[in-house]
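The values are calculated or read from the model by the stated rules, or taken from the named source; none is laboratory data. Since we're looking at a predicted model, the values are computed, not measured. With ideal geometry, Cβ positions are generated from the backbone for all residues, glycine too; neighbour counts draw on all protein chains shown.
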Amino acid sequence: MCNLYSMTATQDAIRKLSRARTDRTGNLPSMPAIWPDTAAPIVREGPEGRELTLARWGMPSPAFALQGRTVDRGVTNIRNLSSPHWRRWLGTEHRCLVPFTSFSEMERLPDGTTRPVWFADGPDRPLHFFAGLWTNRTSVRKVKEGEINADLFGFLTTEANPVVAPVHPRAMPVILTEPEEFELWLTGPTDIARELQRPLDPKKLEIVALGRKEDSQTDSLLR
């Protein structure tokens, strides 16, 4: 599962590609390493139209996963859209686009250690989007924080394509690269939008970095 990604595009580039009318992110920095529970940019349909805003990575966990626990660290990746837990958030009011420039999967090496492998649509790492869901929830994310209210997000996964499968055979994020896909995910009927949950064309993905905990768009050398 993808628990680390990078977003190094400018907020102006995100607004233009997604056609967001409102920007609520302030001065958005380059984010070469986004980890679970980090506040990261998403694009969603808001009361005043399409908006770019921030949310914390990790949707509410299913009830069975919280039995005996007081902290909900959240679910970053969403696969089974037929589950009642996820069906409640499949309407357009809960769909979002998650901007990224590369994402990482962990590769297990022969000696038992692991290393990050970064994937992108070429070494220049163009801006694309994950198909995401978001909601607002009051919960305890961290003991030291206590109960908070926050906007939360996660993104869909699907079968791994031939580029990702040798590193992570079970899954990869659902990636949207075309304007018509962005519109369908944000505004289309649920049964049609769900058809976007499919592997990306392998011609649009390659390994761009190895072994790093963050991915910088200015350095495309494999290590």
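Residue by residue through segment 181-208, note down the ones that are more than 25 Å from SER82 (Cβ to Cβ) and either touching a Lys or Arg at 6+ places or on another chain (Cβ under 7 Å) or without any contact (Cβ under 8 Å) to a residue 24 or more places away in the chain (or both).
Hits for segment 181-208 are LYS203, VAL208.
Against the definition (surrounded by fewer than 21 Cβ atoms within 10 Å (Cβ to Cβ), modelled with pLDDT of 95 or more and either within 17 Å of THR53 (Cβ to Cβ) or of a type in the set (A, V, I, L, M, F, W, C) (or both)), how does ALA120 come out, yes or no?
It is false that ALA120 is surrounded by fewer than 21 Cβ atoms within 10 Å (Cβ to Cβ), modelled with pLDDT of 95 or more and either within 17 Å of THR53 (Cβ to Cβ) or of a type in the set (A, V, I, L, M, F, W, C) (or both).
Quick one: how many residues across segment 136-167 are buried (at least 17 other Cβ atoms within 10 Å of the Cβ) and either more than 30 Å from THR92 (Cβ to Cβ) or of a type in the set (Val, Ile, Thr) (or both)?
Of the residues in that region, 5 qualify.
How many residues are under 21 Å from ILE42 (Cα atoms) and either under 17 Å from the mean Cα position of the chain (by Cα) or assigned to a loop (DSSP other than H, G, I, E, B) (or both) when one looks only at segment 162-182?
Count: 9.
Confirm whether TRP86 is of a type in the set (Phe, Trp, Tyr), farther than 24 Å from TRP118 by Cα, in contact (Cβ under 8 Å) with a residue 40 or more places away in the chain and buried (at least 19 other Cβ atoms within 10 Å of the Cβ).
yes
Which one is nearest to GLN197 (Cα to Cα), of the residues in segment 42-83 that are surrounded by 16 or more Cβ atoms within 10 Å (Cβ to Cβ) and among the small types (Gly, Ala, Ser)?
Filtering first and then ranking leaves GLY58.
Do any strands (runs of 3 or more DSSP E) entirely within segment 1-118 hold 2 or more residues that are closer than 26 Å to PRO169 by Cα, and if so, which?
Of the strands (runs of 3 or more DSSP E) lying wholly inside segment 1-118, those with at least 2 residues that are closer than 26 Å to PRO169 by Cα span 5-7, 31-34, 95-100, 102-108.
Restricted to segment 36-81, and to residues that are basic (Lys, Arg) and out of contact with any Asp or Glu (no Cβ under 8 Å at 6 or more places or on another chain), which residue is nearest to LEU186 (Cα to Cα)?
By that ranking, first place goes to ARG50.
Restricting to segment 119-148, what's the tally of residues that are more than 24 Å from ILE175 (Cα to Cα) and part of a loop (DSSP other than H, G, I, E, B)?
Qualifying residue count, segment 119-148: 6.
For the condition in a strand (DSSP E or B), at pLDDT 95 or above and of a type in the set (A, V, I, L, M), what is the one hit in ILE207, ILE192?
So the residue among ILE207, ILE192 that is in a strand (DSSP E or B), at pLDDT 95 or above and of a type in the set (A, V, I, L, M) is ILE207.
What residue, of PRO123, PRO162, is in contact with a helix residue (DSSP H, G or I) (Cβ under 7 Å, 6 or more places away or on another chain) and in contact (Cβ under 8 Å) with a residue 24 or more places away in the chain?
Only one candidate passes the filter, namely PRO162.
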